[in-house]
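Notes to accompany the following structure.
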Amino acid sequence: MNAKNWLSIAAVVLVGIVLGFFILRLEPATVSTEEHEAQSEQEKEGLMAKGPHGGRLLTQDGFEVEVTIYERGVPPQFRVYAYEQGKLLSPEQVQMTIELHRLGSRIDRIQFRKEGDYLRGDQVIEEPHSFDVKVSAVRESRRYDWEYTQVEGRVQLSHEALKSSGIEIMTAGPARIKALLELPGEIKLDQNRLAHVVPRFAGVVTAVHKNLGDRVRMGEVIAIVDSLELAEAKGQYIESVHRLELAQTSFVREQSLWRNQISPEQDYLNSRHALEEGEITKQIAAQKLLALGLSHADLATLSIEPEGPVRLHRPRTPFREQMLTRYEIRAPLDGVVIEKHLVLGEAIKEDTAIFMIADLSTVWGEFSVYAKDLNAVRLGQEVTVKSEVLAIEATATVSYLGPLVGEETRSASAHVHIRNPDGRWRPGLFVTVEVVQEERRVPVAVAAEAIQTYRDWQVVFAQYGDWFEVRPLDLGRRDDQWVEVVKGLSVGERYAATNSFVLKAELGKSGATHDH
């Protein structure tokens, strides 16, 4: 075989290959009955065919649309590509409508317009992308319809499971939200109900009746001191009473002698002056003992003052043992012994702080107000005092706001009075003081406890019968009880307010993914 024959054979083979390639390209794509049934089964199982752009591929009689949700760098939007026999069609040849049927009977109707080689929806596809989809397409006066379901962020919970999980359902609606200013504080003793007990006389402790932590009543004897100084002071009083008695007797005698012109007037005047001095001396001695804590009853036991117009002398019985030296120290107020600095037999000075007694039925919540926040705090303002450690809180009124700002702290001191009948507010406890800067009414709010995180959203679980679905929210103002909903939930919609973490955990078990 010569070269010419070889060239002829090669040319024939090459032509055959080229013709075969074009025949394959021009042959329309067909789907067998078996393939169609298999595709239907995939649809039932949620395993829909994917198109070249990764979207859901819907086919009917050789006409195909690929539905995608595009959200790279833009808000989620539908992009639809149309094909015939596998060939991309110009978007101008197709009219599209998609309806999204969401839980709660909400329907989003989306129209399309040409953009590039695809049709773009005229609405943002709000999250979650969970809905029943109805797709309608018109090409060359023929209409094509498809339906499918896309589920995301849904959890089904029976009534019994809902009850056992402790989930409370609430309805979104208006609320008053407080803008709070949080200031650091500390529980302190009420300085108006605090007593430092000093003996006032030097002496030796002969009895101690109260210890640390004991409760005392006002006037109750808490310790006894044996004091020589007290004996001297009592002796001065006793002597003053006796001198007054003598001066009274002398005055009565001299007055009678003068009136009968037996003695001169000068003797009468001297006796009257001596009587006045005796009265003054007695009053000074009595006031000294009263100022040191003795009572009028105590004074009555020391000396019997003269009685009657002639002030007849009445001799008294001898003093009991230690009556002059015994000094009873009494509680100045109701409270609790929080400090004790004496023991039996100890010698103490008159200015020694032997007890500290505090009335803990009220305490101070002392806090600092920074200079920049002074306009937000005022006298008489109601605040909330909280302890995170003990999980307690109380409402109180600002009773003091310091007039000065500290040079180092750049803050002013303030305090509130807190009722403390059960003693839970312990001095030294750190607290947070919440001041309401403003209070506004918002049209839609949800319980702060209801907010959960899902993907990168803040969500609540909206209820639709047995179904709960995540609802991404745009949030506004908040306080410790309510959160304002700017977008994502409407007035009247029901949601899981407490224990919503149970629904989040169930959602995690389902392994749901964000796949379009």
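Computed from the coordinates by the stated procedures, all read-outs in this text should not be read as laboratory data. Owing to the predicted nature of the structure, the values given are computational and were not obtained by experimental measurement. Cβ placement follows ideal geometry from the backbone for every residue including glycine, while neighbour counts extend to all protein chains displayed.
In segment 33-151, the convex hull through the Cα atoms has an average projected area of 7.6 nm², a quarter of its surface area.
For segment 123-178 versus segment 263-280, the spacing of their alpha-carbon centroids is 110 Å. Shown here for segment 76-159: GluC sites (Glu not before Pro) in loop regions (DSSP other than H, G, I, E, B) with at most 16 other Cβ atoms within 10 Å, namely Glu140. Our helix-only sum for the chain, with -39,500 (n - 2.57) per DSSP H run of n ≥ 4 divided by its residues, gives a mean residue ellipticity at 222 nm of -7500 deg cm²/dmol.
Under a model in which nothing but the beta-carbon of Lys, Arg (+1) and Asp, Glu (-1) is charged, segment 435-516 shows a dipole of about 60 debye around its Cα centre. Segment 321-383 and segment 193-228 have their alpha-carbon centroids 14 Å apart. Longer than 24 Å from Cα to Cα, which of Lys210/Lys282; Lys50/Lys487; Lys87/Lys114; Lys134/Lys504 are they? Say none if no pair is. Over 24 Å apart, Cα to Cα: Lys210/Lys282; Lys50/Lys487; Lys134/Lys504. Dipole check for the chain: with +1 at the C-beta of Lys and Arg, -1 at the C-beta of Asp and Glu, and the Cα centre as origin, the magnitude is about 540 Debye. For every other residue with a beta carbon closer than 14 angstrom to the beta carbon of Ile107, add +1 if it is Lys or Arg and -1 if Asp or Glu, then tell me the sum. My count for the surroundings of Ile107 gives -1.
Along the charge dipole of segment 33-151, Cβ charges K/R +1 and D/E -1, which of Gln93, Val151, Gly121 sits furthest on the positive end? Of Gln93, Val151, Gly121, it is Gly121. Potential lengthening of the chain between Leu228 and Thr352 amounts to 43.0 nm, from the contour at 0.36 nm per residue minus the alpha-carbon distance.
Near Ser411, once Lys and Arg are set to +1 and Asp and Glu to -1 for all other residues with Cβ below 11 Å from its Cβ, the sum equals -1. Note on the chain: dipole from Cβ charges, positive end direction compared against Gly166, Ala331, Val208; the farthest Cα belongs to Ala331. When you restrict to C-alpha pairs under 8 Å that are six or more residues apart and normalise by the size of segment 33-151, the relative contact order lands at 18 percent. With a cut-off of 15 Å between beta carbons, the residues surrounding Arg471 carry a summed charge of -2, where Lys and Arg count +1 and Asp and Glu -1. Annotation for segment 440-473 versus segment 51-96: alpha-carbon center distance of 33 Å.
A Förster radius of 41 Å combined with the Cβ-Cβ distance from Glu265 to Ala291 puts the calculated FRET efficiency at roughly 0.55.
Taking label positions 7 Å along the Cα-Cβ direction at both Gln381 and Gln93, the computed distance is 7.2 nm, reported to one decimal. Remark: relative contact order (the chain) = 18 percent; criterion is Cα-Cα distance under 8 angstrom and separation of 6 or more residues.
Each Lys and Arg adds +1 at its Cβ and each Asp and Glu adds -1 at its Cβ; summed about the Cα centre, segment 33-151 shows a dipole of about 500 debye. Positive end of the dipole of the chain (Cβ unit charges, origin at the Cα centre): among Gly488, His417, Gly465, the Cα lying farthest that way belongs to His417.
What FRET efficiency would be calculated for the residue pair Arg113, Thr453, taking the C-beta separation as r and a Förster radius of 35 Å, to the nearest 0.05? Computed FRET efficiency for Arg113 and Thr453: 0.45.
Entry note, segment 184-266: relative contact order of 22 percent, from Cα contacts under 8 Å with a spacing of 6+ residues.
The C-alpha atoms of the chain occupy a region whose extents along the principal axes are 186, 52, 49 Å, arranged from largest to smallest.
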